[in-house]
Amino acid sequence: MSSTIVLITGANSGIGFATAKVIACASEVFHVIIASRSLEKAKSAMSEIEAAGIKGHLSTLQLDVTDERSIEQAVALVTQKFGRLDVLVNNAGVGSREPDVKSRFQRCMDTNVIGPVLVSAAFRPLLLKSQKPYSIYVSSVMGSMAKSSDPNSPTYRGMPNGEAYRASKAALNMVALQESIVFSSTALKVFAVCPGFVRSNLRGPSEEARSGWGKAGDPQVSGETILSVIQGERDADVGRFVHADGVYPW
Ligand SMILES: NC(=O)c1ccc[n+]([C@@H]2O[C@H](COP(=O)([O-])OP(=O)(O)OC[C@H]3O[C@@H](n4cnc5c(N)ncnc54)[C@H](OP(=O)(O)O)[C@@H]3O)[C@@H](O)[C@H]2O)c1
């Protein structure tokens, strides 16, 4: 049986880690490439997931989405080892809210927008060699223009210095939409996915921040949403901005 090769960026932590685990536990069909900007962190994530008992296979890859040389080398390694890619999950992201406006915009745009654009462009030839390729962008409802402009929506209220992150996710949504339109004549299925508000390092390293002040859910649920996408269960919503229970307006 031929494997489904899945590459997840930022898979050493939070949602990326949980998604790698959910997918690797789901079936022997999956080979998950744990991509991380630190190979050491990727290896330690791989050991932790393997210890949980998996059905599929895992490997690691150094990939810093803001470093073109790192992206180039990652593509070369995946080409050499697998010759194609079936699923690309652009998950790596930062939630910078630092006080300096230029710094936080640069950081959010570099990692959350330009990074995924470069990663997708570099891996697309490998994705287009797959019979059932999926391109997934881990976005956020905070980037939905429709939700953000609705006073009745919980996402209406802004957080101090939160605009850079939200603008980066709005831009990422456009990246996903454009890719789905431009490549609609190919087999590529593109999705923007909101993973929900879940435990991770995104908001900072303290327990308070990691748990979203006690309100964040389990990132395993985010992993299950992404698994449902790559198993074709959300194909009716291809080219859209999906979440666990439905579709968000852009
Ligand atoms: N958690 C939530 O409630 C939530 C809600 C909506 C959307 N999201 C989105 O979910 C995605 C994953 O975030 P998370 O919540 O799981 O946070 P996280 O625990 O901080 O994970 C982010 C991951 O991205 C990696 N990363 C950051 N910069 C990178 C770079 N330049 N190159 C490669 N990897 C890089 C981090 O690596 P290091 O460990 O080396 O820093 C980490 O592995 C993000 O796109 C985020 O915007 C999260």
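The values are calculated or read from the model by the stated rules, or taken from the named source; none is laboratory data. This one's a predicted model, so the numbers in the text were calculated from it and none came from an experiment. Here the Cβ is made from the backbone with ideal geometry for all residues, glycine too, and neighbour counts use every protein chain on show. In case anyone asks, the SASA skips ligands and DNA or RNA and just uses the protein heavy atoms, side chains included. Shrake-Rupley method; radii C 1.70, N 1.55, O 1.52, S 1.80 Å.
Brief remarks on what is shown
- Within the range 28-47, restricting attention to residues that are touching a residue at least 24 places away in the same chain (Cβ under 8 Å) and among the charged types (D, E, K, R), the residue that is nearest to residue 120 (Cα to Cα) is 37.
- Extreme residue, farthest from residue 71 (Cα to Cα), among residues of the range 1-57 that are among the polar types (S, T, N, Q) and more than 14 Å from the ligand (Cβ to nearest atom): 27
- Filter result for residue 135 (modelled with pLDDT of 95 or more, closer than 23 Å to residue 196 by Cβ, in a strand (DSSP E or B) and in contact with a helix residue (DSSP H, G or I) (Cβ under 7 Å, 6 or more places away or on another chain)): yes
- Search result, residues across the range 146-169 that are in a helix (DSSP H, G or I) and either in contact with an Asp or Glu (Cβ under 8 Å, 6 or more places away or on another chain) or within 16 Å of the ligand (Cβ to nearest atom) (or both): 147, 148, 163, 164, 165, 166, 167, 168, 169
- Residue that is farther than 22 Å from residue 231 by Cβ and open to solvent by 60 Å² or more (accessible area, probe 1.4 Å), where the choices are 166, 157: 157
- Residue list for the range 95-127, restricted to those being within 16 Å of residue 143 (Cα to Cα) and of a type in the set (S, T, N, Q): 96, 111, 112
- Note on the range 219-229: residues that are away from the ligand (no atom under 12 Å from the Cβ) and open to solvent by less than 20 Å² (accessible area, probe 1.4 Å) total 2.
- Per-region count, the range 87-112, residues among the aliphatic types (A, V, I, L, M), within 13 Å of the ligand (Cβ to nearest atom) and open to solvent by 20 Å² or more (accessible area, probe 1.4 Å): 2
- The range 183-218, residues that are of a type in the set (Lys, Arg) and within 14 Å of the ligand (Cβ to nearest atom): 199, 203, 210, 215
- Some residue of the range 115-136 being open to solvent by less than 10 Å² (accessible area, probe 1.4 Å), over 20 Å from residue 66 (Cα atoms) and within 13 Å of the ligand (Cβ to nearest atom): no
- Residues within the range 138-154 that are touching a helix residue (DSSP H, G or I) at 6+ places or on another chain (Cβ under 9 Å) and either surrounded by 21 or more Cβ atoms within 10 Å (Cβ to Cβ) or modelled with pLDDT of 95 or more (or both), tallied: 11
- Where a residue in the range 130-146 is within 17 Å of residue 188 (Cβ to Cβ) and of a type in the set (D, E, K, R) and its partner, wherever it lies, is part of a helix (DSSP H, G or I) and open to solvent by less than 10 Å² (accessible area, probe 1.4 Å), with Cβ under 6 Å and at least six apart: none
- Looking only at the range 97-139, and only at residues there that are within 17 Å of the chain's Cα centre (by Cα) and of a type in the set (Ser, Thr, Tyr), the one that is farthest from residue 231 (Cα to Cα): 111
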